[in-house]
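Reading through the structure tokens given below for one structure.
None of the figures in this text is laboratory data; all of them are computed from the coordinates on show. Bear in mind that the values here come from a model prediction, so they are computed numbers and not experimental data. Backbone-built Cβ (ideal geometry, glycine too); neighbour counts: all protein chains shown.
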Amino acid sequence: MAGYFIKILAGWAAKIPIIPLSPLWEWISGWHGSWVPIAGIVIGIVAGIAFSIYAFGETLYITVKDDVIICHLKEEEKTIPSSNVGTVYMEGKKIVVLDRIGRELYRGQPEAKRYKVADAFRHHGYPWEEQDPYLNDYQIWESEHPDFPGFINTALSERAEALKGNKEEEAERLRKHLVASGVVIRDDKKKQYVRYVPE
């Protein structure tokens, strides 16, 4: 019976893209024989460890101090001096840090609940807002938008295609590229709401 459930769960896990080692799960789901229950237990332990490591690597950790914010995700670490911070707020489940003229410094999804994140930033004296203070400044992006330079329209067009095709990594790569040029983007049902803050 245990072997039966191991095979069923393996078949299910193989179909879920966020669960690592999909080829392994596909192989396990095709197993037959009396040795399957024992092998299933061993594989379950190993897979549990692998998934724990994977989940740990996907977690955003934020250290908030009076003089600095440190954001650590996977192998990337970003340090933001408090003197550069103009606003901190949450957009859905993501924390957003803006500089003093409204340009985006950081965006990511922390593990902690919203109220805990807010308490941490308030405790260290950061300007916490309940929503984006520039909410009324966004414009829905359309092809060849007259208020944005050509290179920004080109990148936003490429990102629109990535969003349409559910290419999340490509859309995020393009978002970061645009952020470096002073573009702040809010996504809503694959539509891009944009504001441009030139230096």
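Between the amide H of V68 and those of S82, distances stay under 5 Å, these residues lying 5 or more places away or on another chain, with hydrogens modeled in the peptide plane. By the scheme Lys and Arg +1, Asp and Glu -1, what is the net charge of all other residues having a beta-carbon under 11 Å from that of G86? Summing Lys and Arg as +1 and Asp and Glu as -1 gives -1. Say the dipole of segment 50-199 comes from +1 at the beta carbon of Lys and Arg and -1 at that of Asp and Glu; which of V197, N153, F121 then lies farthest toward its positive end? Farthest along the dipole direction, towards plus: F121.
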